[in-house]
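Take a look at the structure below.
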Amino acid sequence: MQRMKPLYSRDSQNQSSHIRIGDVLIGGEEVIVIAGPCAIESESQMRACAQAAKQFGARILRGGAYKPRGNPYTFEGLGEEGLKILKKISDEVGLPSVTEILDARDIDLIDQYTDAFQVGARNMQNFTLLKELGKRKKPVLLKRGMAATIHDLLLAAEHILSQGNPNVILCERGIRTFEHETRNTLSLSAIPLVKELSHLPIIVDPSHATGKHALTESMSKAAIAAGADGVMIDIHTNPEDALCDGEQTLRPEDFQTLMISARKVATAVDRFIA
């Protein structure tokens, strides 16, 4: 039976939700920066990326232990070994972590090592996974599917909320269009529209949206200006050698430059980046 007032909607809750990942609050005045490698390749690689993320102002650490790849012969992650590395480095640098989950059978395993679950674009409508995550209280970072409407994204969030987990953070990561110059087309209008329709916080992933490191800084600033509650950035000390998505990944020095300019934009729209 369909609810008269969806749990994601402002008809259900008018006040904007503030969601904690570890000790970091998303949805308040602070614009939260999540940074780290798209894929965890080794302990030394993860440590170098995490130290750069922490040094230049990221508040949450990202790192993929399981990677959904269209080509089954490419690197698909280190699995539990990667989770152990993420947990170790997260504790070392003092940043809470988020990692992607692909399968409901891995919930208990991943739950041991990370502070938030990420549901990627390909799994946005994996309703079995969403419902199982809804039975937990751990935050879920839910990415928009590459062909999903905003309404589709909100209904996907409803699957989690309806099972009792209120801790959902939405993520705009671009949609697939006829454009070939970028990986996807970043839909910045989704940010104010989601905020009008829903009380849930929304962040933006410009790295996966554009697929080009040269566009990450400008799209991050645009996202913050449009009202995003955070941005998620791919960083790597040697992008040319990255096992996953090196072309969209920033070097630490470029991430530092991004953070300097992003703070100025945040200040201009009466918010801040710590």
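Descriptive notes on the structure:
- With both residues required to sit in the chain, DSSP beta bridges show an antiparallel share near 15%.
- Only Lys, Arg (+1) and Asp, Glu (-1) charged, at Cβ; the chain dipole about Cα centre in debye: 700 debye
- Neighbour-count ranking [beta-carbon atoms within 10 angstrom, fewest first] of Tyr8, Tyr113: Tyr113, Tyr8
- The stretch 21-102 - percent relative contact order, Cα under 8 Å, separation 6 or more: 35 percent
- When you restrict to C-alpha pairs under 8 Å that are six or more residues apart and normalise by the size of the chain, the relative contact order lands at 21 percent.
- The ellipsoid equivalent to the alpha-carbon distribution of the stretch 19-264 has semi-axes of 23, 21, 18 angstrom, derived from the gyration tensor eigenvalues as √(5λ) and listed largest first.
- Whether the stretch 1-110 is rounded, prolate or oblate, judged on the alpha carbon gyration tensor where a/c under 1.5 counts as rounded: oblate
- When Asp229, Asp91 are arranged by Cβ crowding within 10 Å, least crowded first, meaning fewest neighbours, the order is Asp91, Asp229.
- Other residues whose C-beta falls under 12 angstrom from the C-beta of Pro166 contribute a net charge of +3, scoring Lys and Arg +1 and Asp and Glu -1.
- Spatial offset of the stretch 35-85 relative to the stretch 119-155 amounts to 21 Å, using the alpha carbon center of each.
- Neighbour-count ranking [beta-carbon atoms within 10 angstrom, fewest first] of Arg136, Arg59, Arg105: Arg105, Arg136, Arg59
- Gyration tensor (alpha-carbon) shape descriptor, the stretch 66-163, a/c threshold 1.5: oblate
- Measuring between alpha carbons in the structure, the pairs from Lys67/Lys221; Lys54/Lys84; Lys88/Lys212; Lys54/Lys137; Lys5/Lys137; Lys5/Lys135 lying more than 24 angstrom apart are Lys67/Lys221; Lys88/Lys212; Lys54/Lys137.
- Point-to-point label distance, Thr149-Thr74, nm (Cα→Cβ direction, 7 Å offset): 3.0 nm
Throughout, read-outs are computed from the coordinates displayed, never taken from laboratory work. These numbers were taken from a predicted model, which means no experiment stands behind them. Every residue, glycine among them, receives a Cβ derived from its backbone with ideal geometry; neighbour counts consider all protein chains shown.
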